[in-house]
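Visitor: Have a look at this one.
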Amino acid sequence: MESDLAQALAALTTGIYVLTVADGAHHHGMSSSWVTQVSGVPPLFSAAVDNDHFSRALIVRAGVFGMNIVGRRGKELEDYFYSARARRADNLEGLDYELSPALKVPWLKIAMVSIEARVSASCLAGDHTIFIAEPVGVRIGAGDRPLTSLDLDYVYLGGRKVIARDRTGWT
């Protein structure tokens, strides 16, 4: 049952995003695939963040974050944020980014779209916190196709659980 459930959840197609937050002079980002629009009027989206992730406390404290949509040409962002190199406080150091105009959250220049957003609500959902956010500003980068979970060799299922894909399917 657990293996079947993991394969079923891995089949949920998701986009690849990088959530970014500024806490004073500290700038941090994390890969996220659990982001979706939840309202049209007003426009709202949700982002789920692991309760044990460094970014969660920063988002709670700041009440704002950036959501950077990763395009296929920006796959290096996913590779970086998935790696052990990104598991540090100031993990945007060395990446090309600018602070957004209104909320001063990091916008990654290689992202195909960047949104600065204000948290309007949050709720605990198991081992994650779901942040509901309202966009305040948008930067449209170079034209690209969004990177999705189908473009990766793995899918994050929560906690430390990752399922890998080979040419024949999920392993």
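Visitor: So how far apart, in nm, are the two label points at Ala121 and Asp151 if each is 7 Å from Cα heading toward Cβ?
Guide: Spacing of the two 7 Å Cα→Cβ label points: 3.2 nm.
Visitor: Taking Rh as the Kirkwood radius computed over C-alpha pairs, what is the Stokes-Einstein D of the stretch 1-91 at 10 °C in a medium of viscosity 1.306 mPa s, expressed in µm² per second?
Guide: Numbers: Rh = 14.5 Å.
After rounding, the answer is 109 µm²/s.
Readers should treat all values here as calculations from the given coordinates under stated rules, not as data from a laboratory. Bear in mind the structure is a predicted one, so any value in this text is a computation, not a measurement. No Cβ is skipped: glycine too gets one built from the backbone with ideal geometry, and neighbour counts run over all protein chains shown.
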